[in-house]
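What follows is a short report on a single structure.
Bear in mind that the values in this text are calculations on the coordinates, not laboratory data. This structure is a prediction, so every number in the text was calculated from the model and none was measured. In this analysis, Cβ positions are derived from the backbone assuming ideal geometry, glycine residues included, and neighbour counts consider all displayed protein chains.
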Amino acid sequence: MSDRPWETEPHEAAFIANGLQCFMMRNDMQVWCGYVGVPASHVLYELDRLDLVPFPETWRDRHVLPDEQGIVNVFLSMFRDARNEIPESHAPLAMVLSAHGGLSFSGRLSSWPDLWFFGFDCGHAGDYSPGLHQVLLGSGYLQRGPDFAGPLFSTYRTFDYVQSEVISLSDQIANFGDLPAS
């Protein structure tokens, strides 16, 4: 494996997993973003990532992992809960579904206008961003040369890693219909 896999990986990929349209692309900072689309017939169609959804009783004592739900989603949920805005046995969708860094997108993608997508990105603290690294080098902020990444850019999330996260998210979304109604 190359020590700079971003130089040889593709820049986007589309595939089907668990019967759902999946898409991966690099953003302007050259980090991967992963998306899973649902058709109008799916229970999650047109829901926002912060909309409240019911969850099974077995999830009540589940540990919240900020790396999977996203630290911003965790804080938003805590603030809503502190104001008693979350009904019993409900949680924001972004807290129910797990993906790298949490869900950061819900909406349409122009290539599939009839589908509603849920997505995540790999541009969080602890993720290496080749594009941001170049910006910091160009600004003179990083003085130690092109191979110095610093502590904020510790792990590059590869194509294979992101593809496995997308497939995991598609599995969670495909099986979401098994959850109880509100």
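Assorted remarks:
- Burial order of peptide ranges 22-29, 163-170 (average beta-carbon count within 10 Å, highest first): 163-170, 22-29
- Each residue, residue 18 and residue 89, gets one label point 7 Å from its Cα in the Cβ direction; the gap between the two is 2.2 nm.
- Packing rank of 89-101, 119-131, where each peptide gets the mean count of other beta carbons within 10 Å, highest leading: 89-101, 119-131
- Put in order of Cβ neighbour count within 10 Å, fewest first, the listed residues 161, 45 become 45, 161.
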